[in-house]
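The structure under discussion appears below in the form of structure tokens.
The values are calculated or read from the model by the stated rules, or taken from the named source; none is laboratory data. Predicted model only: the values in this text are computed from it and were never measured. Ligands, DNA and RNA are stripped out before the accessible areas are found, and what is left, the full protein with its side chains, is counted by its heavy atoms. Shrake-Rupley method; radii C 1.70, N 1.55, O 1.52, S 1.80 Å.
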Amino acid sequence: AGIAGAVALTSHPGQAAHLTLAREYRTDVVVEDQRVVTSRGAGTALAWSLYLVERLLGPEKRREVESGLALV
């Protein structure tokens, strides 16, 4: 989308070599910068989703959603 040079981000490890123009590449599970939220891939989709719930609706809503999940 042409935003890599403008924000800090993360990605699937296999894509890291293609993001050399990123302003800042991180290996965190979820990275937010300038309202752009990225995660590491399919394995981090739940963490990304819960982050968005908290970011958009607050920590109480995140806890409510998370409490209904069967997390290992």
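Could you check how much of the accessible area of the chain is carbon and sulfur, as a whole percent, using a 1.4 Å probe?
Result for the chain: 56 percent of the exposed heavy-atom area is carbon or sulfur.
Only helical DSSP H runs with n ≥ 4 go in: add -39500 (n - 2.57) per run for the chain, normalise by residue count and round the 222 nm mean residue ellipticity to 500 deg cm²/dmol.
-9000 deg cm²/dmol
Could you give the accessible area per residue of the chain, probe 1.4 Å, as a whole number in Å²?
Result: 70 Å² of accessible area for each residue.
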